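Participant: Quick one: the structure is below, questions incoming.
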Amino acid sequence: MTTPTRDIDESSPRIKGKRELVERLAGGSKPKSDWRIGTEHEKFGFIEGSLRPVPYEGAASIRGLLEGLARDNDWAPIIESGHIIGLKKGLASVSLEPGGQFELSGAPLENIHQTCEEIGDHLRETRALSKPMNIDFLGLGFSPLWSFDETPMMPKGRYGIMKAYMEKVGRLGRQMMFRSCTVQTNLDFGSEADMVKKLRVSLALQPIATALFANSPFAEGRTNGFLSYRSHVWTDTDPDRSGMLPFAFEQGFGFEQYVDYALDVPMYFVRRDGKYIDASGLSFRDFMAGKLPVLPGELPAMDDFDDHLSTIFPEVRLKTFLEMRGADAGPHSMLCALSAFWVGILYDDQALDGAWELVKGFNAAERQALRSAVPMQALGAPARNTTAQALAIEAVKLAAGGLARRGNLNANGLDETVFLTELQEIAETGQTQAHRLLEKYHGPWRRDITRSFAETRV
């Protein structure tokens with residue numbers, strides 16, 4: 001989740017009308033030559049031996065990892081109320097999710113070779129510090145062993161506000177906050193029309209990504225009945241700020257319609273003087289009119305709107321770029337595969353047109369039915385007059401074609417299609433990472449969840 005690095009104060013320019021918000025989103029449009037790839041991934045830290053989650057404070061701690069990365073690798077610390085809560089280096093950052101999930105938000109890079117190398121460099125830097133502390137990391141979409149009460153809470157002001165509000169609007173929101181991990185790809189668009197097409201394609205195909213990357217079959221020491229429990233948790237988190245955005249497929253959809261949607265999503269907080277003010281459930285429209293009860297008479301700054309956008313959690317999120325949000329976290333190779341999948345489809349005109357042909361016949365109910373089915377069934381889910389697996393096979397083929405046409409070669413002369421190898425096997429066999437873990441759980445692991453820690457290290 002985004003970690004702000006600058007304060008909002010009296011000198012911050014104020015928003016005078018909705019048009020500025022529309023222009024904020026439209027300002028993300030870039031020529032194709034400037035399109036970049038940002039990859040974000042989260043991972044669970046645990047203590048070797050005890051298999052307990054990593055606390056914020058102590059000899060083996062999240063704080064120690066952040067301070068070590070700042071000291072040894074030239075990351076600039078981000079401090080909140082005296083606590084180090086993140087790091088910044090250029091356009092990349094390291095941040096903390098509520099339960100201590102350790103996140104790299106990568107810089108915008110030109111190709112998948114670079115973003116995969118960036119992930120590898122981050123993991124090497126982190127391991128150099130974590131190993132002496134007996135800390136290691138899991139690549140799963142949901143924590144396999146710890147209960148909610150056993151999971152530590154990180155000292156970030158926004159999380160206390162969000163946690164309290166989550167309890168009011170859904171049964172599983174706190175589980176999402178503290179016990180889930182995802183991998184995400186952030187991609188650019190060239191114009192409003194390009195944004196609309198990419199958003200529609202990626203929303204319609206997001207359940208297919210969920211199925212391909214399903215990797216969360218365990219919770220609290222046992223199976224949970226799902227292949228992507230992380231994805232299921234989102235179905236009962238907060239209906240006001242999550243979901244498949246059916247309005248995005250309506251005629252006339254564009255930046256303004258997304259702004260209208262965002263303005264109607266209830267707020268979480270407002271930042272002032274380095275602190276978070278609880279505005280949970282309040283209206284950003286009221287804020288725009290100077291009628292926010294917690295800041296009477298004050299108008300929002302653009303950073304307030306950016307903060308608000310960061311608290312909206314649909315399957316695909318629009319900011320000044322598009323965020324693909326449907327996949328479970330996993331091992332290094334699958335973190336790279338997610339970016340390869342979406343770049344191959346969305347950054348190549350032929351692949352994008354082909355993907356639209358795959359999904360344009362689906363109506364809102366059919367898209368939602370697929371979204372509802374894949375957490376439990378993954379590639380076995382029905383999809384209109386076909387199956388999720390059949391769609392996945394075609395989508396991966398389209399991605400491979402798009403990547404091949406991009407022609408980005410590494411030092412060994414290999415193009416970006418090398419990052420789709422595991423995904424192609426999953427699509428063809430229908431056997432996800434979750435299926436393989438369950439097979440071991442019911443077989444050689446003899447239902448011992450602790451065996452998953454050695455198996456799923458990042």
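The values are calculated or read from the model by the stated rules, or taken from the named source; none is laboratory data. Since the model is a prediction, treat every value here as computed from it, not as a measurement. Quick reminder, even Gly has a Cβ in these numbers, built from the backbone with ideal geometry, and neighbours come from all protein chains shown.
Participant: Can you tell me how many residues in segment 255-306 are small (Gly, Ala, Ser), touching a helix residue (DSSP H, G or I) at 6+ places or on another chain (Cβ under 8 Å) and either outside any loop (DSSP other than H, G, I, E, B) or surrounded by fewer than 16 Cβ atoms within 10 Å (Cβ to Cβ) (or both)?
Facilitator: Residues that pass the stated criteria total 2.
Participant: Looking at this structure, is Ile345 touching a Ser or Thr at 6+ places or on another chain (Cβ under 9 Å) and either basic (Lys, Arg) or within 30 Å of Gly160 (Cβ to Cβ) (or both)? Talk me through it step by step, then tell me what you get.
Facilitator: Values: touching a Ser or Thr at 6+ places or on another chain (Cβ under 9 Å): yes; either basic (Lys, Arg) or within 30 Å of Gly160 (Cβ to Cβ) (or both): no.
The answer is no for Ile345.
Participant: Could I ask something else about it? Looking at (1) surrounded by fewer than 18 Cβ atoms within 10 Å (Cβ to Cβ); (2) in contact with a Gly (Cβ under 7 Å, 6 or more places away or on another chain); (3) not aromatic (Phe, Trp, Tyr), find the lone condition where Asp74 falls short.
Facilitator: Status for Asp74: all satisfied but (2).
Participant: Restricting attention to segment 307-338, and to residues there that are under 24 Å from Leu420 (Cα atoms) and part of a loop (DSSP other than H, G, I, E, B), which single residue is farthest from the chain's Cα centre (by Cα)?
Facilitator: Pro331
Participant: Being in contact with a Leu (Cβ under 6 Å, 6 or more places away or on another chain) and either outside any helix (DSSP H, G or I) or β-branched (Val, Ile, Thr) (or both): is that true of Thr126 here?
Facilitator: Details: in contact with a Leu (Cβ under 6 Å, 6 or more places away or on another chain): no; either outside any helix (DSSP H, G or I) or β-branched (Val, Ile, Thr) (or both): yes.
No.
Participant: For segment 132-148, indicate whether the set of residues that are modelled with pLDDT of 95 or more, assigned to a helix (DSSP H, G or I) and within 23 Å of Gly49 (Cα to Cα) is non-empty.
Facilitator: First, pick out the residues of segment 132-148 that are modelled with pLDDT of 95 or more: 132-148.
Right, trim to assigned to a helix (DSSP H, G or I) and you get 132-133.
Adding the requirement that they be within 23 Å of Gly49 (Cα to Cα) leaves 132-133.
Yes, segment 132-148 contains at least one residue that is modelled with pLDDT of 95 or more, assigned to a helix (DSSP H, G or I) and within 23 Å of Gly49 (Cα to Cα).
Participant: Among the residues of segment 154-211, what is the count of those that are touching a strand residue (DSSP E or B) at 6+ places or on another chain (Cβ under 7 Å), assigned to a helix (DSSP H, G or I) and surrounded by fewer than 19 Cβ atoms within 10 Å (Cβ to Cβ)?
Facilitator: Of the residues in segment 154-211, 1 are touching a strand residue (DSSP E or B) at 6+ places or on another chain (Cβ under 7 Å), assigned to a helix (DSSP H, G or I) and surrounded by fewer than 19 Cβ atoms within 10 Å (Cβ to Cβ).
Participant: Quick check on segment 30-39. Is at least one of its residues hydroxyl-bearing (Ser, Thr, Tyr) and within 17 Å of His122 (Cβ to Cβ)?
Facilitator: First pass over segment 30-39, keeping only residues hydroxyl-bearing (Ser, Thr, Tyr): 33, 39.
Those left that are additionally within 17 Å of His122 (Cβ to Cβ): 39.
So far as segment 30-39 goes, yes, one or more of its residues are hydroxyl-bearing (Ser, Thr, Tyr) and within 17 Å of His122 (Cβ to Cβ).
Participant: Continuing with the same structure: Need the failing condition index for Gln433 against (1) surrounded by fewer than 23 Cβ atoms within 10 Å (Cβ to Cβ); (2) in contact (Cβ under 8 Å) with a residue 12 or more places away in the chain; (3) closer than 30 Å to Gly221 by Cβ; (4) not hydrophobic (A, V, I, L, M, F, W, C), just the number.
Facilitator: Result: Gln433 fails condition (1) only.
Participant: For segment 77-94, what are the residues that are buried (at least 22 other Cβ atoms within 10 Å of the Cβ) and farther than 12 Å from Pro155 by Cα?
Facilitator: Selection gives Leu87, Val94.
Participant: Anything in segment 1-26 that is assigned to a loop (DSSP other than H, G, I, E, B), at pLDDT 95 or above and surrounded by 11 or more Cβ atoms within 10 Å (Cβ to Cβ)? List them, or say none.
Facilitator: Initial filter on segment 1-26 (assigned to a loop (DSSP other than H, G, I, E, B)): 1-13, 15-17.
Among the residues that remain, those that are also at pLDDT 95 or above are: 15, 17.
Listed by number, the list holds a single entry, Ile15.
Participant: Mind checking which residues of segment 212-236 are in a loop (DSSP other than H, G, I, E, B) and surrounded by fewer than 23 Cβ atoms within 10 Å (Cβ to Cβ)? Lay out the reasoning, then the answer.
Facilitator: So in segment 212-236, the residues in a loop (DSSP other than H, G, I, E, B) come out as 213-215, 217, 220-221, 224-227, 235-236.
Hits for segment 212-236 are Glu220, Gly221, Asn224, Gly225, Thr235, Asp236.
Participant: Could you go through segment 376-395 and let me know if any residue there is on the phi > 0 side of the Ramachandran plot, modelled with pLDDT of 95 or more and either part of a helix (DSSP H, G or I) or surrounded by fewer than 19 Cβ atoms within 10 Å (Cβ to Cβ) (or both).
Facilitator: Yes, that holds for at least one residue.
Participant: Take Glu80 and tell me if it is among the charged types (D, E, K, R) and in contact with a helix residue (DSSP H, G or I) (Cβ under 7 Å, 6 or more places away or on another chain).
Facilitator: Numbers: among the charged types (D, E, K, R): yes; in contact with a helix residue (DSSP H, G or I) (Cβ under 7 Å, 6 or more places away or on another chain): yes.
The answer is yes for Glu80.
Participant: Of all the residues that make up segment 59-109, how many are assigned to a strand (DSSP E or B) and free of Cβ contacts under 8 Å to residues at least 60 places away in the same chain? Write out each step before concluding.
Facilitator: Initial filter on segment 59-109 (assigned to a strand (DSSP E or B)): 76-80, 83-89, 92-96, 102-105, 109.
When the remaining residues are screened for being free of Cβ contacts under 8 Å to residues at least 60 places away in the same chain, the result is 76-77, 79, 84, 87, 89, 92, 94.
Of the residues in segment 59-109, 8 are assigned to a strand (DSSP E or B) and free of Cβ contacts under 8 Å to residues at least 60 places away in the same chain.
Participant: What are the pairs, 6+ residues apart or on separate chains, where a residue within segment 5-32 that is farther than 28 Å from Gly274 by Cβ has its Cβ under 7 Å from a residue that is in a loop (DSSP other than H, G, I, E, B)?
Facilitator: Close Cβ pairs (under 7 Å, with a partner that is in a loop (DSSP other than H, G, I, E, B)) amount to Ser29/Phe189; Ser29/Gly190; Ser29/Ser191; Lys30/Asp188; Lys30/Gly190; Pro31/Gly190; Lys32/Gly190.
Participant: Also: Six or more apart or on different chains, Cβ under 6 Å: which pairs go from a residue in segment 190-219 that's farther than 15 Å from Phe362 by Cβ to one that's among the polar types (S, T, N, Q) and surrounded by 23 or more Cβ atoms within 10 Å (Cβ to Cβ)? Could you list them?
Facilitator: Every condition considered, the pairs that remain are Thr210/Ser228; Thr210/Ser231; Ala214/Ser228; Ala214/Thr432; Asn215/Gln433; Ser216/Ser228.
Participant: For segment 237-248, what are the residues that are of a type in the set (A, V, I, L, M, F, W, C) and not in a loop (DSSP other than H, G, I, E, B)? Please lay out each step first, then the result.
Facilitator: Taking segment 237-248 and keeping what is of a type in the set (A, V, I, L, M, F, W, C), we get 244-245, 247-248.
Hits for segment 237-248 are Phe247, Ala248.
Participant: What do you reckon, is Arg158 out of contact with any His (no Cβ under 6 Å at 6 or more places or on another chain), of a type outside the set (Asp, Glu) and free of Cβ contacts under 8 Å to residues at least 24 places away in the same chain? Walk me through how you get there before you give the answer.
Facilitator: Values: out of contact with any His (no Cβ under 6 Å at 6 or more places or on another chain): yes; of a type outside the set (Asp, Glu): yes; free of Cβ contacts under 8 Å to residues at least 24 places away in the same chain: no.
The answer is no for Arg158.
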